[in-house]
Amino acid sequence: MGTIIRSDRLRIHADSPAQREALTETLRLYRRLVRDLMTVAFTHWPAIGPLEGNAVVSAMEGLIHPTAKRPDVRYRYFQNCYYKFPSYLRRVAIMDAVGQVRSFMTRHSDWLDGKRRHANARPPRLTASTKTFPSLYGGQCIKLDKKATQAFIKVRYRNDWVWMGFRLSGRLRYRGRGTSQSPMLTFNGKRWGLSLPEQFTPVKPVRAPKRVLAVDVGINTAATWAVVDDQGTVHARGFLRRQDKDREHRLMQRIRKEARRQTRHGTRLPPGFCARDHRRLKHLADNAAHQISRQLVDLAQAHDCQAVVAENLKGWRPKAGGKRTSMKARFHRWFHRMLVDRVQRKAQEVGLRTALIHARGTSSQAFDGSGAVNRDARNYSLCTFASGKRYHADLNAAYNIAARGVVYFQGGRRESTARAPQPKTERTPRSPVTLSSLWPKAAAAA
């Protein structure tokens with residue numbers, strides 16, 4: 001398994017006006033330098049484009065930075081406007097500017113080749129004024145203590161570059177697990193932060209897991225989980241719900257009310273309609289996905305699981321919910337893929353295997369093998385088995401997901417094979433994999 005990079009985010013306490021002024025001026029000057037360097041890189045792209053790594057820095061510095069052996073350069077503007085700019089920070093800005101120009105050239109080349117979202121897609125544009133952040137070389141632009149509680153950063157203050165101390169706070173999850181990379185100075189409009197990347201090799205996962213944690217992502221309940229071993233024994237189960245349902249409901253009601261007011265005379269919604277509320281909904285879903293995925297991975301470790309299993313719903317489209325109904329809006333805001341992606345990333349960090357199994361039949365089949373279930377019309381979270389047993393529908397699905405995950409890791413995955421066309425229309429249905437499929441193995445072992 002290769003290495004991965006994860007980042008710890010710490011808060012920089014810029015308590016005094018001098019500290020806030022220094023950080024603001026440093027970021028402003030860095031972004032202005034990146035903007036100016038992008039124009040140079042784009043102008044000389046035939047010569048800059050084929051270069052990689054340090055060769056890019058040398059070529060760009062040959063155009064903008066005079067030295068004793070190279071007193072004359074083509075662009076004296078940079079020496080006059082960015083006097084005494086730190087050399088390591090200038091090299092970071094060069095790589096940043098060239099990377100953005102390279103991205104634009106790649107996207108523009110794809111657009112010329114016909115790789116577009118739709119036939120009338122406009123060509124990409126090179127945006128020079130970007131909200132980029134500087135990486136700080138250790139020892140040259142930043143000095144951190146061992147516990148990362150204090151940092152000295154080289155900042156621009158009163159037309160001079162000086163070292164200034166800052167207090168840091170936050171939780172370190174990854175620092176010390178591998179090789180530390182260059183920190184990045186960040187700002188979200190309110191608070192200053194420091195991102196500490198760490199490159200490390202995660203723990204090698206078990207090849208054939210004996211115990212898995214299955215996750216059923218739902219609309220009403222965010223995640224229903226169950227811990228099942230390879231003999232079909234359920235060791236633990238539970239429910240995880242979002243804590244921001246009220247805020248989400250209020251925002252959706254506000255958007256719906258404004259949409260009715262805007263379209264009451266048959267007019268269309270304007271571009272960027274309720275963009276702020278939509279952005280808040282997205283941030284709420286992102287935060288909930290982070291918190292719930294962390295809880296699921298912690299539960300898997302607490303119950304000695306070696307894998308996490310979920311349904312593969314990529315490309316799935318809901319049938320429930322009519323047009324312009326609240327149910328349709330809830331399905332539109334469903335964060336299934338976001339949660340699954342977060343779980344996969346966090347599971348990789350701690351050495352857990354992950355699998356996305358086939359979703360058909362996990363909710364409609366009873367875990368005891370009695371056949372199809374009937375969902376309660378009044379309470380959709382309950383279902384009735386063919387034997388008359390009443391059970392929670394999401395727990396039933398979680399058990400079946402776990403069973404399919406165990407079968408998958410044991411090598412029982414289904415592979416598509418070429419078959420001759422059948423003359424008859426009816427097909428012999430396959431036996432669905434449910435929790436009861438693992439019980440014969442437990443009986444044989446006993």
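Observations on the structure shown:
- Annotation note: of Ala226, Ala289, the sole residue that is closer than 24 Å to Ala393 by Cβ and either assigned to a helix (DSSP H, G or I) or open to solvent by 70 Å² or more (accessible area, probe 1.4 Å) (or both) is Ala289.
- When Tyr174 is tested against (1) farther than 24 Å from Gln19 by Cβ; (2) free of Cβ contacts under 8 Å to residues at least 40 places away in the same chain; (3) among the hydroxyl-bearing types (Ser, Thr, Tyr), just one condition goes unmet, and that condition is (2).
- Unique match (being touching a residue at least 12 places away in the same chain (Cβ under 8 Å), part of a helix (DSSP H, G or I) and either open to solvent by 20 Å² or more (accessible area, probe 1.4 Å) or over 14 Å from Ser293 (Cα atoms) (or both)) among Arg260, Arg256: Arg256
- Of the candidates Leu313, Leu299, the single residue that is open to solvent by 20 Å² or more (accessible area, probe 1.4 Å), in contact with a His (Cβ under 8 Å, 6 or more places away or on another chain) and not in a strand (DSSP E or B) is Leu313.
- In the stretch 338-362, the qualifying residues are those that are of a type in the set (A, V, I, L, M) and assigned to a helix (DSSP H, G or I), and the one that is nearest to Gln295 (Cα to Cα) is Val343.
- Selection count where residues are under 16 Å from Leu356 (Cα atoms), at pLDDT below 95 and surrounded by 15 or more Cβ atoms within 10 Å (Cβ to Cβ), scope the stretch 206-216: 1
- Listed by first and then second residue, the pairs linking a residue in the stretch 93-116 that is open to solvent by less than 40 Å² (accessible area, probe 1.4 Å) to a residue that is among the polar types (S, T, N, Q), with Cβ atoms under 6 Å apart and 6 or more places separating them unless they lie on different chains, are Asp96/Thr132.
- Some residue of the stretch 335-343 being open to solvent by 70 Å² or more (accessible area, probe 1.4 Å), over 15 Å from Ala226 (Cα atoms) and either aliphatic (A, V, I, L, M) or without any contact (Cβ under 8 Å) to a residue 60 or more places away in the chain (or both): yes
The values are calculated or read from the model by the stated rules, or taken from the named source; none is laboratory data. Owing to the predicted nature of the structure, the values given are computational and were not obtained by experimental measurement. Cβ coordinates were reconstructed from backbone atoms using ideal geometry, including for glycine residues, and neighbour counts include every protein chain displayed. Each accessible area value is taken on the protein alone, full model and side chains, heavy atoms only, with ligands, DNA and RNA left out. Shrake-Rupley method; radii C 1.70, N 1.55, O 1.52, S 1.80 Å.
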